[in-house]
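Take a look at the structure below.
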Amino acid sequence: VSDVPVPTRKGFYFAGWQTQPVISEEDIVNGVSVYQVFFGEKLSTLGVEQVNNREEEEITARMLGQDVMYLKDFEGLTEDGTVRLYARWVEAKEVSTEEELRAMAEDLYGAYILTGDITLTKDWQPVGAYFSNYEYFNDSWWTYAFRGTLDGNGHTIYGLTVNGAEMETPDYSGDENAIWHNDGKTINGTAALFGAICYANIENLTIDGAVINVAGDYAYSGDYCYAAALACFDMASTLKNITIRNPVIQVEFTDENLEYAANMFIAVGGLEAGGWNSTVSNCTITGAEITADVKNRKSKGGEIYVGGLIGECYATMKNNAAEAIINVAEGDESVTDEDSELIVNVGGIGASNTSATGNQAASKISVNVDKQKGASNVSIGGFAGAQRYLTADSNQIQSNITTECNLDPELGQLNVGAVIGRFDIYYSLLILMYADGINCGCINNVTDVTCNGERLELPMPESGYPHINGEAVTYVAVEDYTDDEGVFYKANVDEILAAYGGYITKEGMTNKIMYISID
């Protein structure tokens, strides 16, 4: 079973399918009912590929196995192969104190509504865990993410302070009666109000004066680091009418303690560090100070995403605004051309971007990257560092960019644009698995952007296009194609896949053409 409809009941919130009709507080361990049922395969397509392409020792280290119980294995299975399941219904709990707000961690699938402003007096432990393996799991198996509802009801949280990215790790082995298991290797590397959210609904909330401090005595070293005011990682949630006022988000990171990843990964944002398949609307960031200071000493490469609203972004964004001072410094100690590629994406709204309409960016961005040997791609945009697919459309952008990068003269690339720094065709190729004739890029935006004191006229620099044989690519055609106006497009997907495709295959592309539109 993979797709099970979500039921509705007036006045109640659905908190998941259970194998027992009644759930008590004693049945909830580390925020999750021991009778909770999860559907479908635990590993995603990406996760299966990771298992298939790794040695058994690394699979074990990453805890990427499928050691879970499915309904077909459940002891309550009847002779005709069916299991009776029960919907868990919860009512919204009123929250008016610091203790009640912290108690959200005791039921990650619950519903909560603020009935007054709350001032936090102690360091905050993020609610919901982002396990290191969640990017490889189907989202229905993000067991320990916050999957509930938080309605701020127009109220404000003051005094949010997160010092460091080390989590107090509970015993996630659970209860012997539970049909779920430990999710992965680690939950360290996260700092925000929420460590992870998945299919959550958060709205009508203000966070004022948040301090997210992963610097100085709280600097972090590991495989990844996510830092933001609201959420570190968001999968398929809905966020609306959220205001983040005057946050200070500081990250100092080194890769000296890489344990199982080949390269480091850092994502920082005013609202969220990472947002996948989520919807973000009418959210506002004001007076943000965002700093990322990164040192590569071990992996000699990796990925850095810093944005005023969202870091690594695959979200649909509408009518949001971000005002931020963003400072990114990166020092890479690479010594040979063979060292791993460094990718840095920085933008006033998002470090990377997908569909974004009617947003406003007003940022002061400073980016300094030192990688004198080996491949690097540093992309900076007044709106987004990289556009991955779909379009940034009808946004207003007023940003001042300064940059001083010391890159390999042959293998390093710097892209700076008024709207986007580059078009990331690797991710846009995935569109051809789902839709046809889609425009991707940036259009109809209003810009007032400077770089090192000079006005940027181009929404994206020429270097930001993908190139084949020295020519900029403005479309992807799976086969020779003639559009309704008689314009002919010669098939070019084989060359693009060879240059940019990675593990993406032509066999999965059921559609014919995608256009790259930049104006």
- line: Everything considered on the Cα gyration tensor (a ≥ b ≥ c; rounded for a/c under 1.5, else prolate if a/b is larger than b/c, else oblate), region 200-270 must be described as oblate
message: Order F12, F137, F265, F488 by their accessible area, 1.4 angstrom probe, all chains in place, largest first.
response: F488, F12, F265, F137
message: I need the shape label for region 110-236. Rule: rounded when a/c is under 1.5, else prolate if a/b > b/c, else oblate, with a, b, c from the alpha carbon gyration tensor.
response: oblate
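Of all accessible surface on region 450-513 at a 1.4 Å probe, what whole percent is carbon and sulfur?
47
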query: For region 464-519, what mean projected area does the convex hull of the alpha carbons give, in nm²?
result: 4.6
message: Relative to 2.2 N^0.38 Å, what does the C-alpha radius of gyration of region 383-460 come to as a ratio? Two decimals please.
response: 1.23
- request: Once you have a ≥ b ≥ c as the square roots of the Cα gyration tensor eigenvalues for region 1-157, tell me rounded if a/c is under 1.5, and otherwise prolate or oblate according to whether a/b is larger than b/c.
  value: oblate
- prompt: Rounded to whole Å and sorted largest first, what semi-axes of the equivalent ellipsoid does the C-alpha gyration tensor of region 262-369 yield via the square root of 5 times each eigenvalue?
  reply: 27, 15, 9
Contact order relative to length of the chain, as percent, for alpha carbon pairs under 8 angstrom and 6 or more apart: 8
query: Which whole-number value in Å² is the accessible area per residue of region 339-465, probe 1.4 Å?
result: 36
query: Length gain on complete extension for the stretch L458 to N439, per 0.36 nm per residue less the alpha carbon to alpha carbon distance?
result: 5.0 nm
field: Ranking by accessible area, most exposed first, for E330, E106 with a 1.4 Å probe
entry: E106, E330
task: Go ahead and collect, in residue order, the members of region 394-423 whose backbone nitrogen is under 11 Å from a label point 7 Å along the Cα-Cβ direction of D448.
output: 397-399
- line: Rounded to the nearest 10 Å², the accessible area of Y13 using a 1.4 Å probe with every protein chain kept is 90
D (Stokes-Einstein, µm²/s), Kirkwood Cα radius, the chain, 0.692 mPa s at 37 °C: 139
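The values are calculated or read from the model by the stated rules, or taken from the named source; none is laboratory data. Computed from a prediction, not measured in an experiment: that's the story for all the values here. Glycine gets a Cβ as well: all are built from the backbone with ideal geometry, and neighbour counts include every protein chain shown. Accessible surface is based on the protein model in full, side chains and every heavy atom, while ligands, DNA and RNA are left aside. Shrake-Rupley method; radii C 1.70, N 1.55, O 1.52, S 1.80 Å.
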